[in-house]
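Here's the structure, in C-alpha cells; my notes come after.
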Amino acid sequence: MRRIRRACPRASRPPRTPSRAGRARARPDPPTGPPRPIWILAIGVTLAACGDTGLGPPPAAGPIDLASPWTVVTPEAVDVDPDLVAAAIADAHAIPRLRSVLAVKDGRLFLERYFDGQTAAALADVRSVTKSVVATLAGLALERGAIRSLDQPIGELIPAEVASLTPAQEQITIRHLLTMSAGFEWDESGGGGDYTIWILSPDPLGTLLARPLIHAPGTQFTYNSAAVHLLGVALAEALHEPLPEFAARELFLPIGIERADWEPLPGAYVNGGSGIDLRPRDLARLGQLYLQDGISGTRRILPAGWVGMVTRPAYDWRADFGSLRRYTYGELWWISEGEPETAFCAWGYGGQYVYVVPDLSLVVVATTDWRGLSSEGGTGPLERQVLAVIVDRLHRAARGIGSGASEPAVAPFRRPASGFPVRVGGGASAP
C-alpha cells in the first residue's frame, strides 16, 4: 500500500508519535503479528497555523474558523462552573486508563488534560469514532455527486471484481448502512464476538458477505462494524479514490486536521468501522464542526441539513448506560435525550467520546487506553467512569457558574433490555 505523508514545516513540526505499523487489528485484545503499512494523512498545502499551541484571538461572532489554533481560556471566561470542572479533573485522575479529556464551550478550549505521559501531539486510536467520520464522508460524497442519494443501492457502487454481492445484498442502501440496519446475522456485543472473527480474517469483506441476511434491510437495528466497513468500500468505489485521500482533502484540511492514521485491511481498503487515529484537539474540531452545523468560519464544509439528519434519532427505542440516559441511534452517531439538553456523540470502544451539546455550545472529548479490557471484565466499567466525567461533571458545568451548587444523585446503571419497540426494528448495544 502506498505511504502518503504530510508534515508541517520543520520549525513547527510536532513531536513524532510511535508508528502504527505492526499494530494489530483485533478488538478488544489485539494479537501480535507482522507489521502492516499505515495510511498517513496527505495534505498538499501548508496551513497558515501549522501546529496548535498558544492563546488565540477572541473568536468572532458566529462559527469559528476550525483551521485556526484553539483559543484557550479559563472556565469562568465561558461561564462554566469551575467547581464542577475541578471535580471532573479529580475524577479523571482516578481513572487509570484515561488518557485525555478536553472541553470546548463557545468555540474556546477551557479544559485540556493528558494522563500517563500522553501529550497533545500524540494520536489516539479512537475505535468506533471512525464510524462517525465515515458518516461525514458519506455526506461529502453525496454533496459532490459521487452517490446520487442515501437510498442508492450498494450494488450500483461496488463492482463484481471487488465483492460478489447476492441479489439481496445488492439492494442494501447507503442509508441502511448508516443506520445499522443492513440485516446481516451479526453479534459484536461486548466489543468482541463477530468483530474479532471478522477483523482477523484474511478477507474481511468476504467474511461479512458470507453471512446471511436474517432481517430485511431497513427493518432491524444490529450494531455491525463490518457493515460500516462495507459502507467505506462503497464510498471509496463511488469516489474512485481511497477514503484517506478524500478525507484529507475534503474534510480534514478545511478544519485544520493535519495528522490522521487509518487502519489498513486486506484488499486495499482502510477499516471504515474502527481504528482511525486522531489527536484529541482534532477530535474536538470534528465535534465543533458538527456543533456549527457543518460550517467553519464562513465556509460550509458539510451539506446543509446533514448534521440535523444524522444526529436525529432513527429509532423509537431508548436505553440507559451509566450517566448516559435515554440514548438511541441516528446515522452512525449516538443521541442522548436524558438531560434537559439533548446531546449526541461519536462513541468508540473502551471510552472514546466526542460528545456534543448544541444547546450549551459544548464539545467534550475523551480518549482512553482500551487495550486488554476484556481481561479486566470488559469495557462497561471504564466507559461508565468516563461518561460520568463527561455528563455528570462537564455537561452540568457548562450550564453556568453555580450549576454545581447542588449535586443530584446519580441513578444506578440499568442494562438495556432487548426487543425495544422501534420504528425500524429493535435491540440496542453500545459500541
message: Run through segment 201-304 and list the chymotrypsin sites (Phe, Trp or Tyr not before Pro) located in a DSSP loop whose Cβ has at most 16 other Cβ atoms within 10 Å.
response: none
- request: Describe numerically, in nm with one decimal, the distance between label points set 7 Å from Cα along Cα→Cβ at GLU245 and at LEU200.
  value: 3.4 nm
- request: Over the alpha-carbon set of segment 307-402, work out the extent along each principal axis and list the three values in angstrom, largest first.
  value: 38, 35, 20
- request: Scan around SER296 for amide H atoms under 5 Å from its own, H built in the peptide plane at 1.01 Å from N, and keep only partners 5 or more places away or cross-chain.
  value: ILE301
task: Take the alpha-carbon centre of segment 255-289, take the same for segment 318-338, and report the distance between them in whole Å.
output: 23 Å
task: Among the trypsin sites (Lys or Arg not before Pro) in segment 122-203, which ones are in a DSSP loop with at most 14 other Cβ atoms within 10 Å of the Cβ? Mind listing them?
output: ARG144, ARG148
- request: List every residue whose amide H lies under 5 Å from the amide H of THR368, counting only residues 5 or more places away in sequence or on a different chain, with H placed 1.01 Å from N in the peptide plane.
  value: ARG99
- prompt: Could you give me the ³J(HN,Hα) list for segment 71-79, computed from phi with Karplus coefficients 6.51, -1.76, 1.60 and θ = phi - 60°, whole Hz, x at Gly and Pro?
  reply: 7, 9, 9, 7, x, 4, 5, 10, 6
- prompt: Once amide H atoms are placed 1.01 Å from N in the peptide plane, what residues at a sequence separation of 5 or more from THR173, or on another chain, have their amide H within under 5 Å of its amide H?
  reply: ILE154
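Every number here is computed from the coordinates shown, using simple stated rules; none is lab data. Note that the structure is a prediction, hence the values are computed from the model and not measured. Here the Cβ is made from the backbone with ideal geometry for all residues, glycine too, and neighbour counts use every protein chain on show.
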